[in-house]
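The values are calculated or read from the model by the stated rules, or taken from the named source; none is laboratory data. Small disclaimer: the values here were computed from a predicted structure and weren't measured. Because the Cβ atoms are built from the backbone with ideal geometry, glycine has one as well, and the counts that use them run over all protein chains shown. Note: areas computed on protein heavy atoms with side chains; ligands, DNA, RNA excluded. Shrake-Rupley method; radii C 1.70, N 1.55, O 1.52, S 1.80 Å.
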Amino acid sequence: MDDATATATASRVSIDFHFNVDHPVMHACRVVRKALGSRRTVLIFSRDAQRLARLDSALWTFSALDFLPHVYADSSLAACTPVWLSMTALDGRTRDVLIPLDDEPAPDFEHWFERFERVIEIVSNEPDDRARARNRFKAYRERGFAPCAHEISAP
């Protein structure tokens, strides 16, 4: 991909950083619920199996009134499930919304992000997490994306 194509692609992807989140896992569940309410599909990505497992569990117990259907992307039910969890970039498979959970940018994000309408980064109020998020924000901007920062108040 040449620089002009990368910049054009980057400008089509909306990247939002939700800063100052008290409970990142619960906030991720709210983001998923909102996406599903808008009929959007979601990919939750992390190279850390424990992070994905915590979110998997939280999605099952998040709300007694809401069912947030989700599976790991390699499940036989993935084709009919709107929310996927994955430790890999899923070549050729797309979703509307990406929620990356890692401390570092996803591998080859400048090419991978073009498959999503939105990328939502969830950042806690912990100083170390905020510092890592600022590094991701800067990396995205350096690759032609225009990330937006949003301060999130307690629900």
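What are the residues in segment 64-90 that are open to solvent by 60 Å² or more (accessible area, probe 1.4 Å) and closer than 16 Å to Arg30 by Cα, if any? If you could, list the steps in order and put the result at the bottom.
Taking segment 64-90 and keeping what is open to solvent by 60 Å² or more (accessible area, probe 1.4 Å), we get 64-65, 67, 72, 74, 76-77, 79-80, 87-88.
Selection gives Ala64, Leu65, Phe67.
One line per residue, one yes/no per condition, for (1) polar (S, T, N, Q); (2) modelled with pLDDT of 95 or more; (3) in contact with a Ser or Thr (Cβ under 9 Å, 6 or more places away or on another chain):
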site: Asp74; (1), (2), (3): no, no, yes
site: Thr88; (1), (2), (3): yes, no, no
site: Asp91; (1), (2), (3): no, no, no
site: Leu98; (1), (2), (3): no, yes, no
site: Glu104; (1), (2), (3): no, no, no
site: Glu121; (1), (2), (3): no, yes, no
site: Ser124; (1), (2), (3): yes, yes, no
site: Pro127; (1), (2), (3): no, yes, no
site: Phe137; (1), (2), (3): no, yes, no
Next on the checklist: Of the conditions (1) of a type outside the set (A, V, I, L, M, F, W, C); (2) part of a loop (DSSP other than H, G, I, E, B); (3) open to solvent by less than 70 Å² (accessible area, probe 1.4 Å), Asp56 satisfies every one except a single condition; which number is it?
Outcome noted: (2)
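In segment 116-136, what residues are among the hydrophobic types (A, V, I, L, M, F, W, C) and in contact (Cβ under 8 Å) with a residue 60 or more places away in the chain? If you could, list the steps in order and put the result at the bottom.
Residues of segment 116-136 among the hydrophobic types (A, V, I, L, M, F, W, C): 116, 119-120, 122-123, 131, 133.
Answer for segment 116-136, where residues must be among the hydrophobic types (A, V, I, L, M, F, W, C) and in contact (Cβ under 8 Å) with a residue 60 or more places away in the chain: Phe116, Val119, Ile120, Ile122, Val123, Ala133.
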Next on the checklist: Quick check on my filter: what residues within segment 108-136 are assigned to a helix (DSSP H, G or I) and either open to solvent by 30 Å² or more (accessible area, probe 1.4 Å) or touching a Lys or Arg at 6+ places or on another chain (Cβ under 8 Å) (or both)?
Outcome noted: Phe109, Glu110, His111, Glu114, Arg115, Pro127, Asp128, Arg130, Ala131, Arg132, Arg134, Asn135
Item to check | Given (1) over 18 Å from Ser14 (Cα atoms); (2) aromatic (Phe, Trp, Tyr); (3) assigned to a loop (DSSP other than H, G, I, E, B); (4) under 16 Å from the mean Cα position of the chain (by Cα), number of the condition Phe145 does not satisfy | outcome: (1)
